[in-house]
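Reading through the structure tokens given below for one structure.
Derivation of every value follows stated rules applied to the coordinates shown; laboratory data play no part. Just so it is clear, the structure is predicted and the values come from calculations on it, not from any experiment. Because the Cβ atoms are built from the backbone with ideal geometry, glycine has one as well, and the counts that use them run over all protein chains shown.
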Amino acid sequence: MEPTNDELRHAFRAGFQSMDDGDTFYLGFHEYLGSLGFSHVEDTDCTCQDSGAHGHLPECRWVKV
């Protein structure tokens, strides 16, 4: 199961807030998705809408196991 659009919107907000706080975008983004029970799984297929044709999106490979 992948994050919903609403969950991703909140994760992006958390990422940008993290930047405002002086940390990296990914710190806030990853912490938010992790708090919802999602895990970043490196050994799974790409979950980008275009299958990674234009690079991977921040939400790529975040799934609930």
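Summary table below
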item: So PHE16, is it surrounded by fewer than 18 Cβ atoms within 10 Å (Cβ to Cβ) and touching a helix residue (DSSP H, G or I) at 6+ places or on another chain (Cβ under 9 Å); result: yes
item: Residues being in a strand (DSSP E or B) and either among the charged types (D, E, K, R) or touching a Leu at 6+ places or on another chain (Cβ under 7 Å) (or both) - total across the stretch 31-56; result: 0
item: Pair list, Cβ < 7 Å and 6+ apart or interchain, from the stretch 1-21 residues that are touching a residue at least 12 places away in the same chain (Cβ under 8 Å) to residues that are assigned to a helix (DSSP H, G or I) and loosely packed, with under 14 Cβ neighbours inside 10 Å; result: GLY15/TYR26
item: Pairs where the first residue, in the stretch 44-56, is free of Cβ contacts under 8 Å to residues at least 12 places away in the same chain and the second is part of a loop (DSSP other than H, G, I, E, B) and of a type in the set (Asp, Glu), C-beta under 9 Å, 6+ apart; result: SER51/ASP45
item: Residues of the stretch 19-65 classified as in contact with a Lys or Arg (Cβ under 7 Å, 6 or more places away or on another chain), loosely packed, with under 13 Cβ neighbours inside 10 Å and of a type in the set (S, T, N, Q), total; result: 0
